[in-house]
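Okay, so here's the structure we're looking at.
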Amino acid sequence: MVRVDELLGGQRQAGGVMEPPSRLELDRSPTAQIEASVLGEGLGPTDSLRVRVEGSVFTVDKALLEQNSEYFRALFRSGMRESHQDELHLQGGLKARGFLIALAISRGEQLSIRDPDEIVEAAECAAFLQVDALIQHLIDILDTDNCFLLCHTAAVFGLWHLFHSAALFIRDAFQDLQEAADFLPEEMLRYVESLSPASFIAFGTHIPSMKILQDAFRTVWTLNEEEGDWRFLTDLPTDASTSMAGVAVVDNRLYVVGGVRGISKETVDFSFCYNVLSNSWSVFDGPQQPRYNFTLLGHEGHLYAFGGEYDRRIISSSEVCDVSTRAWTLVKHAPRPVAGAASAVARRRIFVCFWKPPDTTDIYEYIPVKDEWILTTTMIRPQSYGHCMVAHGDKLYVMRNGPSDDFLRCLMDCYNITTGQWTSMPGHYVNSKGALFTAMVRGDSAFTVNRSLTLEYRIYGDKWKPHRQMTGFPKNGSLWTCLLRLPRITDMKEVNSTDESLETATDDQNEEEKTEVNP
């Protein structure tokens with residue numbers, strides 16, 4: 001097993017978050033004219049520090065640097081002579097452009113960093129000044145074009161979180177990147193190969209069972225991409241309901257929350273958690289407000305439950321659960337009552353898709369630190385509104401019905417959260433048996449599944465192109481899907497014991513229309 005601290009030379013940076021400075025000025029000498037427009041203007045504080053990097057001088061609020069940069073905080077508290085100077089010269093090879101990028105990111109700007117030299121300089125600055133905001137931004141912009149550069153650069157500068165994230169990205173897309181991966185140093189390649197890729201998980205819609213019955217249909221399955229078929233993973237708990245429940249993943253654990261019992265729609269007031277490492281389920285309390293047909297979303301150690309129904313009424317009540325304590329807390333209500341709303345996390349921001357038939361789709365952002373909702377954008381399409389939404393990079397892909405409530409031939413629109421621009425994607429996307437609504441994004445791929453076909457799309461900006469076809473899901477009914485990183489060591493006896501049942505289910509499949517894109 002390759003140790004990460006060996007790859008990083010034993011260096012693990014403790015990051016501090018750099019808040020947006022209230023004043024930022026550039027020296028106007030000829031040597032200092034580097035992307036000044038990125039920084040903007042602002043009102044200055046009385047206690048500022050002149051920071052010289054190469055030939056450029058930046059005037060920055062000293063208090064904000066102390067508060068938000070681990071490097072500056074340690075310097076100012078050290079009592080050293082430099083901590084009392086009005087001007088500080090940052091040396092050691094730090095580049096002015098890297099410092100400029102760090103300041104811009106700290107101001108909340110979403111920069112598109114594509115130039116390889118800029119990426120290296122930004123990573124160097126993030127390591128030197130220990131700026132968490134910049135490290136996280138570099139993780140956010142990981143893609144197939146820069147993942148190798150970021151992985152190698154992070155190893156050079158000892159940025160553990162960035163290095164691990166880049167390695168995971170490479171592992172998830174290893175099939176397509178394997179040829180390029182051969183050029184990685186041997187130790188890094190071994191580390192990448194030691195990681196588990198995110199696996200496509202699916203299970204059906206079921207009400208609670210009885211303990212005396214062994215319901216063979218209440219099972220969770222994982223896609224074996226090498227063989228192109230589905231393998232048994234675990235059984236659902238007998239008391240769990242996946243009918244009108246909430247399903248989400250947090251910290252690589254699967255959560256099934258709420259749901260209903262039968263046609264009476266009696267709520268299941270419990271939450272169930274599946275731990276992939278121990279292959280076991282645990283149970284804890286459900287939300288304070290009983291609900292079903294609600295939106296459940298996992299994000300940064302928390303579960304968010306938005307809206308839903310209770311006692312056959314649509315509600316706007318919302319709650320958050322800290323999974324470390326498993327305690328639910330009420331938060332600000334959704335902007336309006338909503339049931340079954342689509343949601344996605346893009347660049348660590350939570351977005352929820354509210355539809356108003358017949359032609360309006362509102363996308364709101366929920367900001368946890370402020371506990372507030374903000375209307376991000378509105379899309380109006382004749383007789384069509386959003387039903388499903390997934391994120392890829394800084395883009396939200398909204399699937400909506402075709403004209404006259406045509407859910408078989410869906411349309412798709414793309415919203416860029418950085419530019420604020422909508423793009424209508426060409427063609428129709430066949431949604432046979434709701435396959436499109438099962439989409440899960442991993443790297444530059446989107447996986448969808450129904451009874452007849454598992455289809456992997458490749459995401460190319462304004463188009464999804466079919467890339468690979470595999471066996472369909474071996475059970476009938478509506479499906480829940482997610483992504484989990486499974487342990488590398490599997491119980492082969494259990495896997496083999498399920499192969500026969502899978503083959504039997506597959507043999508019974510009828511020929512059905514295959515999911516495809518009509519250009």
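The values are calculated or read from the model by the stated rules, or taken from the named source; none is laboratory data. Just so we're clear, the structure is a prediction, and the values are computed from it rather than from any experiment. Cβ placement follows ideal geometry from the backbone for every residue including glycine, while neighbour counts extend to all protein chains displayed. Surface areas here come from the heavy atoms of the whole protein model, side chains and all, with no ligands, DNA or RNA. Shrake-Rupley method; radii C 1.70, N 1.55, O 1.52, S 1.80 Å.
Volume per residue of the convex hull around the Cα atoms, evaluated for the stretch 128-220, comes out as 167 Å³.
One way to sum up the overall shape of the stretch 157-311 is the equivalent ellipsoid from its Cα gyration tensor, whose semi-axes run 36, 19, 12 Å, largest first. Peptide packing for 438-445, 402-409 was compared via the average number of neighbouring C-beta atoms within 10 Å per residue; ordered from the highest value, the list is 438-445, 402-409.
Computed across the stretch 414-476, the Kirkwood radius stands at 12.7 Å (inverse of mean 1/r, all Cα pairs). Put simply, the convex hull of the Cα atoms in the stretch 34-172 casts, on average, a shadow of 8.4 nm². At q = 0.19 Å⁻¹, what is the log10 ratio I(q)/I(0) for the stretch 330-418, with the Debye formula run over Cα points and no solvent? Per q value, in the given order, log10 I(q)/I(0) is -0.83. Per residue, the stretch 359-417 exposes an accessible area of 39 Å² to a 1.4 Å probe, with every protein chain left in place.
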